[in-house]
Amino acid sequence: MFAAQARFPADAVVVEGESKEYVRVGDEGTSARFHFCPECGCTVFYVPEAIPDVVVIPVGAFADPDFPPPRVSVYGIRKHPWVTLPTGIEDLD
């Protein structure tokens, strides 16, 4: 349905521990390298081929109830009609 993610410069992220990798090709034909926890299978982070200097982390991976709300939406054209976004969010579609 949708994903909430946080993007960080790759040089600001330190990855520790083991992960399993899966490469997925997206709608535009570029790939992303998804890293999963080998114990539970949750996505821990991924690196998109189109922006390799960025590390993307699912917001659900953060144990922070005060994590800031999203600022940008992509693929909004595909969202279900019952999905609403925060006021003032930038829509890249």
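Just subtract the alpha-carbon distance of Glu16 and Ile89 from 0.36 nm times their residue separation and send over the number in nm, one decimal.
Working: separation 73, 0.36 × 73 = 26.28 nm, distance 3.26 nm.
Difference between extended and current length: 23.0 nm.
With viscosity 0.890 mPa s and temperature 25 °C, the Kirkwood radius over alpha carbon pairs of region 20-93 converts through Stokes-Einstein to a diffusion coefficient of 170 µm²/s.
With R₀ set to 22 Å, the beta-carbon distance separating Ser31 from Phe62 gives a calculated FRET efficiency near 0.30.
Read-outs: derived from the displayed coordinates by stated rules, not from any lab. Note that this is a predicted model, so its numbers are computed, not measured. We place every Cβ from the backbone using ideal geometry, glycine too, and count neighbours over all the protein chains shown.
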